[in-house]
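The values are calculated or read from the model by the stated rules, or taken from the named source; none is laboratory data. In this text, all values refer to a predicted model and were calculated from it rather than measured experimentally. With ideal geometry, Cβ positions are generated from the backbone for all residues, glycine too; neighbour counts draw on all protein chains shown. The area values use the complete protein model at the heavy-atom level, side chains included, leaving out ligands, DNA and RNA. Shrake-Rupley method; radii C 1.70, N 1.55, O 1.52, S 1.80 Å.
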Amino acid sequence: MQRILITGANGQIGSELLPELRRRHGAEQVLAAFHKKTPDQALLDSGPHCFIDVRDADKLAQIVQEYRIDTIFHLAALLSALAEEHPQLAWDININGLCNVLETARRLHCAVFFPSSIGAFGPQTPPVNTPQDTIQRPTTIYGVSKVSGELLCDYYQHRYRVDTRGVRFPGLISYRTPPGGGTTDYAVEIFHAALTEGHYQCFLRPDTKLDMMYMPDALQAMIRLMQADARQLLHRNAFNITAMSFTPEQIAAEIQKHLPDFSITYRVDPLRQAIADSWPRHMDDSCARQEWGWQPDFDLPGMVEDMLDKLARQLQQEQSHGPDQD
Ligand code: AKB
């Protein structure tokens, strides 16, 4: 990894991966690709950037050539619930965008990181200790695009020797940039609500168990996998990785240990509940542990403590300085 491009650089993952890679490799080495939404000034000022729609193959190739990019973290995508509301758009962005990235990588010799998801599984998948290689019959367009993406990345690796790598992320929890349009978004919203309102109305049933991960672990996973010795990798793409597995009532109880007055109620959103019910409860991530040393640092208590502390400080700062302007 010498010269890096991040697509979706102002999304939930991108806005945290960008500063981390710039800290490690130098700001000039990491090009941020934003889409329409103007990122906050701090991200804009932090190093080179461009605006691109990943469906524009020519512009993508031109940028990769111009900046002599050798590694692409392709993070631009629509999340599960939003994708279900706009299936054709989701296919266009999630699949045609990825095809453009892979073709560019093939022609201009780049490595590619592609994030798949627990969404790549479906109701026929074993939901507990979900194996690395198992039945994948997702019932959402998001899941269909993720399985197709996993297969496309494998295809480009064995057919053209493009160095594609990737993981299946669980729900990601972070304080800097909120996710948008996902099914696991409740696990981020709950912290904002706990600190600002003291109450949260959850859109999933209290007993809905899903895999989750705190963002610092997600960042180290991406970087560690991209730096791993290729000879150790039996799988290349779509490694199951998880850090914790909990339900809304379990995370609420953990938050109540710090904020005893916090309360939660439930008003189920049928769309997102159906999506969550089709996903695994807990994945087996032993292949990632064996092949490239995956090891999360944060469990549920550690994540909740850190999240409340960091988010409280961020909210305080926003109150005294005002939020970043678009
Ligand atoms: C979503 O909820 O859509 C994402 C995911 C699990 O892929 N967070």
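What the table shows:
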{"read-out": "Local electrostatic count, Arg205, Cβ distance below 15 Å [Lys/Arg +1, Asp/Glu -1]", "value": "0"}
{"read-out": "Contour minus Cα-Cα distance for Gln295 and Leu315 (0.36 nm per residue)", "value": "4.2 nm"}
{"read-out": "Of the trypsin sites (Lys or Arg not before Pro) in the stretch 212-307, those whose Cβ has at most 10 other Cβ within 10 Å and which sit in DSSP loop", "value": "Arg267"}
{"read-out": "Degrees separating the helix 215-227 axis from the principal Cα axis of the chain, which is the longest one", "value": "20 degrees"}
{"read-out": "Label-point gap, in nm, between Arg161 and Asp53 - each point 7 angstrom along Cα→Cβ", "value": "3.6 nm"}
{"read-out": "Where Leu315, Leu17 fall by accessible area, highest first, once all protein chains stay in place (1.4 Å)", "value": "Leu315, Leu17"}
{"read-out": "Solvent-accessible surface (1.4 angstrom probe) belonging to Glu66, in square angstrom, nearest 10", "value": "110 Å²"}
{"read-out": "Taking the convex hull of Cα positions in the stretch 175-253, its mean projected area over all directions (nm²)", "value": "6.5 nm²"}
{"read-out": "Scaled radius of gyration (Cα, divided by 2.2 N^0.38 Å) that the stretch 219-326 gives", "value": "1.41"}
{"read-out": "Along principal axes, Cα extents of the stretch 30-124, largest first, whole Å", "value": "44, 33, 21"}
{"read-out": "Lys, Arg +1 and Asp, Glu -1 on Cβ, resulting dipole of the chain about Cα centre, debye, nearest 20", "value": "940 debye"}
{"read-out": "Hits among lysines - C-alpha to C-alpha of Lys36 under 29 Å, sequence gap 8 or more where chains match", "value": "Lys59, Lys146, Lys310"}
{"read-out": "Accessible area of Cys202 in the full protein assembly, 1.4 Å probe (Å², nearest 10)", "value": "0 Å²"}
{"read-out": "Label-to-label distance, nm, for residues given as Gln273 and Arg23 (7 Å Cα→Cβ offset)", "value": "4.1 nm"}
{"read-out": "Mean separation of Cα contacts under 8 Å, 6 or more apart, over the residue count of the stretch 4-169: relative contact order %", "value": "21 percent"}
{"read-out": "On Cα atoms only, tilt of 141-160 relative to the major axis of the chain in degrees", "value": "30 degrees"}
{"read-out": "Charge tally in the Cβ shell below 12 Å around Ile95, where Lys, Arg are +1 and Asp, Glu are -1, Ile95 excluded", "value": "0"}
{"read-out": "For q = 0.07, 0.14, 0.15 Å⁻¹, Debye-computed log10 I/I(0) when each Cα of the chain counts as one equal scatterer", "value": "-0.26, -1.13, -1.31"}
{"read-out": "Extension gain from Thr134 to Ala253, taking 0.36 nm per residue of separation minus the Cα-Cα distance", "value": "39.5 nm"}
{"read-out": "Accessible-area ranking of Glu28, Glu249, largest first, probe 1.4 Å", "value": "Glu28, Glu249"}
{"read-out": "Linear extension gain, Leu89 paired with Gln220, 0.36 nm per residue minus alpha-carbon span", "value": "44.1 nm"}
{"read-out": "Å³ per residue enclosed by the Cα convex hull of the stretch 4-169", "value": "117 Å³"}
{"read-out": "Relative contact order %, the chain, counting alpha carbon pairs below 8 Å whose residues are six or more apart", "value": "19 percent"}
{"read-out": "For Thr130, distant residues with modelled amide H under 5 Å away", "value": "His282, Met283, Asp284"}
{"read-out": "Candidates Gln232, Gln124, Gln256: whichever shows maximal mean-square fluctuation once the chain is modelled as a Gaussian network with Cα springs under 10 Å", "value": "Gln232"}
{"read-out": "Highest-MSF residue in the chain out of Asn94, Asn237, Asn129 [GNM, Cα springs under 10 Å]", "value": "Asn129"}
